[in-house]
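Asker: Quick one: the structure is below, questions incoming.
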Amino acid sequence: MPINVVIVEDDEDMRQSLQDIVSASEEMNCVGSFPNAEHFIESFPYINADVVLMDIGLPGKNGINTVAQLKPLKPKVQYLMCTSYEEPEKTFESLCAGATGYLLKNCTPETLYRSVKEIFSGGSPMSSQIARLVVTSFNQKQKTIEEYELLTQREKEILQYLSKGYQYKEIANKLFLSVETIRTYIRHVYEKLQVHTRTEALNKVFPK
């Protein structure tokens, strides 16, 4: 019985190329092809899909949010993020949203065939480039968590105020402390997080 595959891709040439690759395989059946998330979401209840090749950078609702919305509705449907993005944050967001695999668009047809079959059989296909990015990003996140846990409760509290845009004087008034004391706390925060500015500290602890 062939694997039912759906393609969600806004680039017409790429969408047609993926459709041709899937259709050329006797083990797969293309049951839907959509240029955006909105059309796919409308048709989703009526499609018998096994694997969805999902682009991330879609117009309107992006692929990550689409997976997050639809995965709980039909948990057995597997999402293979097929995209040109090589950003570890996007990879993490995709996997957290419910995607099970991740491939770059420039992969060979053979790699795509293998990945669809692997994800359908319970595996988690991922290109070597993306796997490396995931590991690197995980290590960076772990290091940031460890550094953040070195902060005292007061230092964490002050960092929260900084993230909300409060100035030193405003934080001092909130906590009934002197501005100089706040400066000292923030200097300790920078040292522990190994950063030099407010922006670096906030980007490290509260990445967008």
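The values are calculated or read from the model by the stated rules, or taken from the named source; none is laboratory data. Note that this is a predicted model, so its numbers are computed, not measured. Virtual Cβ from ideal backbone geometry, glycine too; neighbours counted across all protein chains shown.
For (1) modelled with pLDDT of 95 or more; (2) closer than 18 Å to Ala97 by Cβ; (3) exposed (fewer than 15 other Cβ atoms within 10 Å of the Cβ), each residue gets a yes or a no:
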{"residue": "Asn4", "(1), (2), (3)": "yes, no, no"}
{"residue": "Met14", "(1), (2), (3)": "no, no, no"}
{"residue": "Leu18", "(1), (2), (3)": "no, no, no"}
{"residue": "Ile21", "(1), (2), (3)": "no, no, no"}
{"residue": "Ser33", "(1), (2), (3)": "yes, no, no"}
{"residue": "Ala37", "(1), (2), (3)": "yes, yes, no"}
{"residue": "Phe40", "(1), (2), (3)": "yes, yes, no"}
{"residue": "Gly60", "(1), (2), (3)": "no, yes, yes"}
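Asker: Would you check if Thr66 is over 24 Å from Val205 (Cβ atoms), of a type in the set (Ser, Thr, Tyr) and surrounded by 19 or more Cβ atoms within 10 Å (Cβ to Cβ)?
Answerer: Spelling it out, Thr66 is indeed over 24 Å from Val205 (Cβ atoms), of a type in the set (Ser, Thr, Tyr) and surrounded by 19 or more Cβ atoms within 10 Å (Cβ to Cβ).
Asker: Restricting to the range 132-166, name every residue that is surrounded by 12 or more Cβ atoms within 10 Å (Cβ to Cβ), part of a helix (DSSP H, G or I) and modelled with pLDDT of 85 or more.
Answerer: Glu147, Tyr148, Arg154, Glu155, Lys156, Glu157, Ile158, Leu159, Gln160, Tyr161, Leu162, Ser163
Asker: To continue, here is another question. Among all residue pairs at least 6 apart or on different chains, which show Cβ distances below 7 Å where the first residue, located in the range 3-30, is assigned by TED's automatic domain parsing to the domain that holds Leu80 and the second is among the hydroxyl-bearing types (Ser, Thr, Tyr) and at pLDDT 95 or above?
Answerer: Ile7/Ser33; Arg15/Ser33; Gln19/Ser33
Asker: Report, by residue number, each residue of the range 35-86 that is in contact (Cβ under 8 Å) with a residue 40 or more places away in the chain and part of a strand (DSSP E or B).
Answerer: Val51, Val52, Leu53, Met54, Gln78, Leu80, Cys82
Asker: Taking Gly101, is it modelled with pLDDT of 90 or more and of a type outside the set (A, V, I, L, M, F, W, C)?
Answerer: Against the criterion (modelled with pLDDT of 90 or more and of a type outside the set (A, V, I, L, M, F, W, C)), Gly101 does not qualify.
Asker: Let me ask something else about it. Name the residues in the range 167-182 that are of a type outside the set (Val, Ile, Thr) and either within 30 Å of Arg114 (Cα to Cα) or in a helix (DSSP H, G or I) (or both), would you?
Answerer: Tyr168, Lys169, Glu170, Ala172, Asn173, Lys174, Leu175, Glu180, listed by residue number.
Asker: Hey, among the residues in the range 104-131 that are under 20 Å from Met14 (Cα atoms) and among the hydroxyl-bearing types (Ser, Thr, Tyr), which one's modelled with the lowest pLDDT?
Answerer: Per the criteria, the residue is Ser127.
Asker: A further question follows. Would you call Glu170 surrounded by 12 or more Cβ atoms within 10 Å (Cβ to Cβ), charged (D, E, K, R) and within 23 Å of Thr144 (Cα to Cα)?
Answerer: no
Asker: Tell me, please, whether a residue that is part of a strand (DSSP E or B) and either within 20 Å of Phe34 (Cα to Cα) or in the same structural domain as Ala24 (by TED's automatic domain parsing) (or both) can be found in the range 103-117.
Answerer: yes
Asker: Let me ask another. In this structure, does Glu89 turn out to be surrounded by fewer than 16 Cβ atoms within 10 Å (Cβ to Cβ), at pLDDT 95 or above and either assigned to a strand (DSSP E or B) or among the charged types (D, E, K, R) (or both)?
Answerer: So Glu89 fails the test.
Asker: Let me ask something else. For Glu170, are the conditions met, namely being of a type outside the set (Val, Ile, Thr), out of contact with any strand residue (DSSP E or B) (no Cβ under 9 Å at 6 or more places or on another chain) and over 28 Å from Glu93 (Cα atoms)?
Answerer: Judged against the criteria, Glu170 is a match.
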